[in-house]
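Structure first, commentary second.
Bear in mind that the values in this text are calculations on the coordinates, not laboratory data. Since the model is a prediction, treat every value here as computed from it, not as a measurement. Cβ coordinates were reconstructed from backbone atoms using ideal geometry, including for glycine residues, and neighbour counts include every protein chain displayed.
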Amino acid sequence: MTTVPDVSSPAPAPIPATSSVGAWRDHRGSWIPTGGMISTRFMELRKRRGLMLALILVTIGIPAVFLLIRLLLHAFAPHSYGPAGGYDVFTGLVAGVLYVFGFIVAATLGCTAGSIDLTEGMFRHLVVTGRSRLALYLARIPAGLAIIVPLVAIGFTVVCAVCVFAAPTQLKYQGVNVPVNLSSAGLQSWAAEHPDEVLCNFNLNVGPNSSIAAVVNAAPCGNGPGGGQPVFKQAPGSQGQPQPSQAQIEHAAVLIARMNYADYARQFLYPSTSLMVKTGLWIELEAAVGFIVGLGLGSLLGQRTVAVILMIVLEVILTPILSRAHIAHMINLQRSVVGLAVAHLEPSGLGFVFGGGGGPGGGQGTARLVPETTTVAVCVIVAWLVGWTILGAWRMMTRDA
Amino acid sequence: MSITSLLGTSDRGAAQSQWAVEAHGLTKRFGDNVALNGVELRVPRGCAFGYLGPNGAGKTTLIRVLLGLTHADAGTMSLLGYHVPRHRAAALARVGAIVDEPRFHGHLTGRQNLQVLAAAREPAARDRIGPALERVGILQRADDRVTKYSMGMRQRLGVAACLLGDPQLLILDEPMNGLDPAGMHEMRDMIVSLVAEGRTVVLSSHLLDEVERTCDAVAIVDKGNIIRQGPISELLAGTSLVLQVECSEPDRARALLGATTIGGQVEVSPVGLGITLPTGTGRDVVAEINRVIVEGGISVYRLQVIQASLESWFLSVTSRLGAPE
């Protein structure tokens with residue numbers, strides 16, 4: 001037994017500290033997390049095998065398997081199944097799969113990072129180190145983003161690669177296979193060689209009494225019942241008109257091709273580099289929002305399961321409803337939904353985010369959403385990021401450990 | 001002013017403080033339940049200090065308040081001379097603690113858990129991971145996942161976590177839980193060695209025997225109050241002395257002692273006499289009793305002075321003994 005000073009009498013001289021003088025002067029009261037804190041937090045999240053497998057499966061596995069199946073089907077039955085990649089597949093996967101799943105995956109990781117120290121009993125160990133609780137919270141943000149951003153990037157890269165390298169070799173314009181990259185003259189020349197397909201399928205915006213309309217009305221479109229005789233596309237009241245000559249038909253086809261050239265020129269076999277870059281950044285923004293909001297919610301609630309469920313409900317149910325329905329008395333509330341704000345930043349050329357897929361020509365993705373300016377959308381996103389970070393950090397700083 | 005410079009102003013004053021832990025009027029309520037009721041506690045530096053109390057007495061609550069895990073409703077406190085919570089970061093930089101059962105990330109290894117904790121401390125803490133694991137005896141299992149650890153190994157890992165900061169003060173809440181006898185022996189030796197290095201160890205426990213063997217001073221907490229504190233030897237010195245005498249004729253020996261001026265209460269038992277002497281009885285009285293019996297022609301086979309144990313004293317001063325259910 002060691003000697004103990006009498007508690008009722010003055011104690012002897014203080015025992016020298018075993019720590020070197022000033023060893024604690026490491027700014028541990030500072031709110032700025034150290035690199036070591038971030039890297040160990042990254043390690044702690046990365047070592048969660050089950051969670052990491054789920055994240056990889058959703059962000060990379062689902063699009064990869066979907067595209068692989070399309071590749072195989074096209075390879076074995078090219079006439080029945082179209083190419084695996086292409087512009088339409090890209091917009092469909094991005095707007096319909098990566099956008100929603102990326103958010104959910106990021107939110108799951110955020111909720112885990114925000115609550116797991118508490119539920120696993122490590123929080124009090126960390127608090128006892130004397131490190132600022134705010135720094136402990138903020139260290140999770142770069143650590144989590146260092147996981148979710150590369151995962152989403154890999155999944156997106158897989159989609160981009162397949163959509164570019166397995167894109168169709170022929171453009172299907174208005175249901176007709178048309179060679180790509182034709183000039184206006186080239187398209188007209190092709191139209192002269194394929195007048196029936198042009199007359200029957202291409203858009204026509206002329207008056208009903210024009211000479212082109214008369215030719216189009218008389219043009220043979222498709223096969224009739226029994227597959228024998230061609231069916232003539234005739235406007236009401238046009239029966240009995242004389243059959244146009246082959247020269248008239250070809251001339252009309254050339255004129256229609258000229259009218260459609262501007263629209264034709266906007267059709268893509270595969271997404272452009274610019275679109276892919278913008279889309280990648282947009283998907284990453286969505287994932288970052290999901291992670292940071294999930295982190296704040298997880299910290300606020302102190303448990304993962306409920307927080308994840310709430311985030312899924314927000315993304316899958318509430319956001320699509322509030323983004324589509326135009327409710328006059330709630331329009332400002334609807335505009336404050338972060339999912340709507342992110343959707344408004346969608347690059348032009350993608351499909352409707354909550355409906356999935358892009359139509360030919362794309363660019364109509366946000367047309368059906370509740371209207372919101374870009375400035376308001378950015379403000380809403382920043383408010384959500386800052387607000388949930390403050391809420392999560394506040395709860396962590398005031399919580400009993 | 002940066003926080004470092006702010007803390008620096010209190011550094012000299014803290015180093016001159018004679019108390020490792022000091023609390024005045026510390027109060028903590030949970031609704032209507034008063035967990036700490038004006039606690040006055042002083043733990044001298046450089047000793048092993050036992051902190052005892054029945055279940056629900058407020059032991060863990062006091063530790064949690066001292067460490068800033070929960071806030072106090074009233075009172076002041078300091079750790080190593082640093083006022084808490086004003087200089088909490090500076091104080092905790094020199095404190096290591098286990099509170100309740102030690103829990104860690106189960107999917108990480110013991111070493112990785114310590115890496116997480118070391119990263120929150122000063123840079124030098126990372127270099128102490130290996131020595132700390134070695135000191136608590138789990139270096140061989142350091143790279144196993146914590147889910148594979150027994151309760152005792154987690155306790156050891158918890159102590160290793162305490163050592164990462166090279167602490168001047170260790171607060172250990174029930175560190176013997178889950179340890180086998182050999183582990184308890186090692187833990188006891190480690191606590192003694194930590195104190196020998198100049199550190200202060202506050203040991204909260206209900207294992208009174210372990211505390212008596214390990215600690216120099218104790219405080220007894222009951223119903224949120226510190227009811228006694230001081231060196232164990234002094235506390236036990238205030239208890240009565242029992243003298244067991246095995247002899248050939250107990251009844252006659254009792255009569256002989258009754259005729260003398262020696263005080264105390266004498267009872268005859270099948271094996272001899274049990275003599276309860278008042279507090280402060282000296283060794284000369286024991287010798288006088290022996291002389292009276294022997295000179296009376298009675299054979300004395302054995303004579304033993306029984307000092308009250310910490311356990312019996314603890315039970316006598318706390319309210320749990322004989323308390324209605």
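When each of the peptides A:292-300, B:76-84 is scored by how many other beta carbons lie within 10 Å of its residues on average, the order from highest to lowest is A:292-300, B:76-84. Projected label points at A:H326 and B:D143, each 7 Å from Cα along the beta carbon direction, are separated by 6.5 nanometres. Each Lys or Arg adds one and each Asp or Glu subtracts one; over the other residues with Cβ under 15 Å from the Cβ of A:V159, this totals -1. Inter-chain neighbour count for B:188-201: the average number of beta-carbon atoms from partner chains within 10 Å of each residue's beta-carbon is 2.
Placing dummy labels 7 Å off each Cα toward the beta-carbon, the span from A:L53 to A:W31 is 4.0 nm.
Building the convex hull from the alpha-carbon atoms of chain B and averaging its projection over directions returns 21.7 nm². Spin-label model, A:A185 to A:V376: label points 7 Å out along the Cα-to-beta-carbon direction sit 5.0 nm apart.
Given a cut-off of 34 Å, what percent of all Cα-Cα pairs of the protein assembly as shown lie beyond it?
Summing the P(r) of the protein assembly as shown above 34 Å gives 64 percent of all pairs.
Where both residues lie in the protein assembly as shown, what percent of DSSP beta bridges are antiparallel, nearest 5? The partial results should precede the final answer.
Numbers: 45 of 63 bridges.
In the protein assembly as shown, approximately 70 percent of DSSP beta bridges are antiparallel ones.
Among the cysteines of the protein assembly as shown, A:C111, A:C160, A:C163, A:C379, B:C47, B:C162, B:C215, B:C247 have no other cysteine beta carbon within less than 4.7 Å of their own. For a straight C-alpha distance cut-off of 16 angstrom, the aspartates and glutamates reachable from A:K47 (same-chain residues fewer than eight places away being disregarded) are A:D117, A:E120, B:D143, B:D144. Helix-only arithmetic for the protein assembly as shown: the sum of -39500 (n - 2.57) across DSSP H runs with n ≥ 4, divided by the residue total, places the mean residue ellipticity at 222 nm at -14000 deg cm²/dmol. Summing charges over all other residues whose Cβ lies under 13 Å from the Cβ of B:G297, with Lys and Arg as +1 and Asp and Glu as -1, gives 0. Of all lysines in the structure, the ones whose alpha carbon falls short of 18 Å from that of B:K59, not counting any fewer than 8 places away in one chain, are B:K28, B:K223.
Determine the shielding of peptide B:264-275 by partner chains: average, over its residues, the number of Cβ atoms on other chains within 10 angstrom of each Cβ. List each step's numbers first, then the result.
Working: counts 0, 0, 0, 0, 0, 0, 0, 0, 0, 0, 0, 0.
Going residue by residue through B:264-275 and averaging, the value is 0.
If R0 is 51 Å, the Cβ-Cβ spacing of A:L285 and A:C221 corresponds to a FRET efficiency of close to 0.65. Summarising the strand pairing of chain B, around 70 percent of its internal DSSP beta bridges are antiparallel.
Comparing B:V159, B:V271, B:V136 in a Gaussian network model of chain B where C-alpha atoms under 10 Å apart are linked, the largest mean-square fluctuation is found at B:V271. Both numbers refer to the Cα atoms of the stretch A:305-350; Rg and Dmax are 11.9, 36 Å. Please report the spacing between the Cα centers of the stretch B:18-42 and the stretch B:50-106 in Å, no decimals. Centre-to-centre (Cα) distance: 11 Å.
Subtracting the Cα-Cα distance from 0.36 nm times the residue separation, let me have the gained length for B:H185 to B:V271 in nm, one decimal. Walk me through the numbers on the way to the answer.
On the way: separation 86, 0.36 × 86 = 30.96 nm, distance 3.46 nm.
Here the segment from B:H185 to B:V271 would lengthen by 27.5 nm.
Take each residue of peptide A:126-137, count the partner chain Cβ atoms within 10 Å of its Cβ, and average: the result is 6.
Considering only B:L207, B:L169, B:L66, the Gaussian network model of chain B with Cα springs below 10 Å gives its largest mean-square fluctuation to B:L207.
Treat the stretch B:164-266 as a sphere of radius equal to its Kirkwood radius over Cα pairs and apply Stokes-Einstein at 10 °C in a medium of 1.306 mPa s; give the translational diffusion coefficient in µm²/s, rounded to a whole number. Mind showing how you got there, number by number?
Values: Rh = 17.3 Å.
The Stokes-Einstein estimate is 92 µm²/s.
For the stretch B:71-206, the mean projected area of the C-alpha convex hull, equal to one quarter of the hull surface, is 8.7 nm². The distance from the alpha carbon centre of the stretch B:241-303 to that of the stretch A:146-224 is 118 Å, rounded to a whole number. Please compute the Cα-Cα pair-distance distribution of the stretch B:240-306 with 10 Å bins starting at 0, giving whole percents from short to long. Binned Cα distances yield the sequence 22, 64, 14.
Gain on full extension, evaluated as 0.36 nm per residue between A:A192 and A:S245 minus their Cα-Cα distance, stands at 17.8 nm.
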